[in-house]
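Report on the structure given below.
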Amino acid sequence: MMGASNGSPITDQQLEEYAELTYLTKPEIIFILQRLLNLDETRHFSTLKRYPEQAVVELFPQLKHNPFRDRLLYVFSSERDDNFSFEDLLDLFSVLSDKCPLQVKATWAFQLYDFDNDNLITKEDIMVLCDRLTKEEQFSQQEKQTIADLLLQEMDLQNNGNLGVFDFVHAMSKMPEFQHTFSCRL
């Protein structure tokens with residue numbers, strides 16, 4: 001077992017609580033913990049200790065090649081300081097878990113795709129999204145504007161020219177494939 005008396009940095013009770021509070025299994029939580037322990041040269045692990053972004057990216061190849069890596073790391077860094085605690089990583093991988101409900105995923109995805117952090121997904125955000133998905137320069141400016149206009153026309157329930165979180169979550173609930181595309185395995 002993981003008990004602190006066995007030299008583990010978290011207790012069985014903590015492991016149980018993390019499993020209840022996330023969409024991760026106990027083995028997935030232990031996997032993340034073991035990865036972080038490889039970074040901790042001092043061997044004084046704390047669930048609050050913050051690890052640098054580059055070191056975290058190297059530990060998890062799922063992040064290294066993701067076109068939204070910077071946004072994922074920004075959104076899930078609780079201190080917005082380019083560093084991550086164990087619990088930040090649990091949150092990140094919990095949301096990206098196959099077991100995470102679509103509504104929860106969509107709420108986090110909204111933050112991810114709100115590139116200017118204004119709590120709205122605007123035409124400009126959608127154009128940035130197009131560049132990210134196609135590695136830039138695949139679409140002309142006019143093509144990106146057309147795509148953004150069409151998406152807003154379909155998804156903007158309030159017809160105000162942008163998407164709030166409600167509009168976005170509603171639209172994602174109509175796209176069952178979103179559940180699987182906004183996922184990664186540990």
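Restricting the search to helices (runs of 4 or more DSSP H) fully inside the stretch 1-110 and requiring at least 2 residues that are at pLDDT 90 or above and among the β-branched types (Val, Ile, Thr) gives 26-39, 53-59.
None of LEU89, LEU63 is aliphatic (A, V, I, L, M), without any contact (Cβ under 8 Å) to a residue 40 or more places away in the chain and in contact with a Leu (Cβ under 9 Å, 6 or more places away or on another chain) except LEU63. Among the residues of the stretch 127-186, which ones are surrounded by fewer than 16 Cβ atoms within 10 Å (Cβ to Cβ), more than 18 Å from the chain's Cα centre (by Cα) and among the hydrophobic types (A, V, I, L, M, F, W, C)? LEU150, LEU157, PHE166, MET175, listed by residue number. Within the stretch 46-66, the set of residues being open to solvent by less than 70 Å² (accessible area, probe 1.4 Å) and in contact with a helix residue (DSSP H, G or I) (Cβ under 6 Å, 6 or more places away or on another chain) comprises THR47, TYR51, GLU53, ALA55, VAL57, LEU59, LEU63.
The values are calculated or read from the model by the stated rules, or taken from the named source; none is laboratory data. These figures come from a predicted structure and were not determined experimentally. No Cβ is skipped: glycine too gets one built from the backbone with ideal geometry, and neighbour counts run over all protein chains shown. Note: accessible area is taken over every heavy atom of the protein model, side chains too, but ligands, DNA and RNA are not part of it. Shrake-Rupley method; radii C 1.70, N 1.55, O 1.52, S 1.80 Å.
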